[in-house]
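The values are calculated or read from the model by the stated rules, or taken from the named source; none is laboratory data. Worth saying up front: this structure is predicted, and the values here are computed from it rather than measured. Cβ placement follows ideal geometry from the backbone for every residue including glycine, while neighbour counts extend to all protein chains displayed.
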């Protein structure tokens, strides 16, 4: 898979992960200070003789941790200002910052040796701090940076151990295994382990980064598909079709169907060139489509000089009738404004609304599918729109739609015979 360069650059140069690492380091340093205080003042945690030794080493350790804590707070404040200004951290800074952070255990080892001696510090728990910093370096999502951290940790620990072993004068009576502790080989092995820890952290960071890049690229491609696909169907439908299986079965939904038609369109088209007609339709559909979308509906089909819109699918909507009526009134109001401003030729619309159960889903074959709404509610809504000609109306709704309102929404037209329908349907004229 080809890498998406903008995404990769964003991951490699973003200050966000550096800020997060800084916050994590501050939290860890605060925890270490708390742990030192607990080991010094809570006698039940460790043996009394060890607690006394910890008391002797408390001040050097506290000074080292406090100095690094001040450094991290300063760096975090600087990075936050840098992030707000939209600037990026350089690669040099990232490596220098990693060098300073990984040097904390080394500084702690040196400080501890001043009060405890070299061997107790080297053989104690302080060197394990290196691994905490190596694990946190994985947040950089940078393999090279993690390996660099491991190399710095290994090199610093090995050099510090050689120097402290040379300077150490611990009496043999206190350390039965003094010969083993003074052997540089075990510290060399620990240094190799630290380097290996950095490589492992880098491998983990690389895997996380690769998966994150793949996920971001997938999301970007999906957004692009919805953007392109959404130019031909509603964004809701595009999102649904991209998420659901191609062979997903249809769903029955209670939908409100709107049919809209431009009256006398043949006359308007006959008096103008095709380009002018296209511009005219673009003006009308240019505001109608957003109005339908804003009222939780979708335009399912364009019908030349009109369209079919659906409310209540593919997204459930308990107020589909109210939303459909509001969208219809908003469309009529906007057309009236354009008529008064003479922006468009004198235009009248015919809009019919009907509520009923329909089967919604994909229809077609393997090569071509279309999201559609099937049911008698579609046929009735189409006939209601045609009835607007009979009653010189622009908006007529069925009784099923009218029942969703608290009061009669408009003029009661009574029972009306609609073409192709076995029984008359009660209609209401809203405009």
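Observations on the model:
- Of the helices (runs of 4 or more DSSP H) entirely within the stretch 74-153, those holding at least 1 residues that are touching a helix residue (DSSP H, G or I) at 6+ places or on another chain (Cβ under 9 Å), modelled with pLDDT of 75 or more and within 22 Å of residue 209 (Cα to Cα) occupy 91-116, 129-137.
- A residue that is surrounded by fewer than 13 Cβ atoms within 10 Å (Cβ to Cβ), modelled with pLDDT of 75 or more and over 50 Å from the mean Cα position of the chain (by Cα) cannot be found anywhere in the stretch 186-205.
- Only one of 291, 260, 284 that is more than 25 Å from residue 400 (Cβ to Cβ) and either modelled with pLDDT of 90 or more or not in a loop (DSSP other than H, G, I, E, B) (or both): 284
- Checking every residue in the stretch 346-359 against the condition of being at pLDDT below 90 and under 19 Å from residue 264 (Cβ atoms) gives zero matches.
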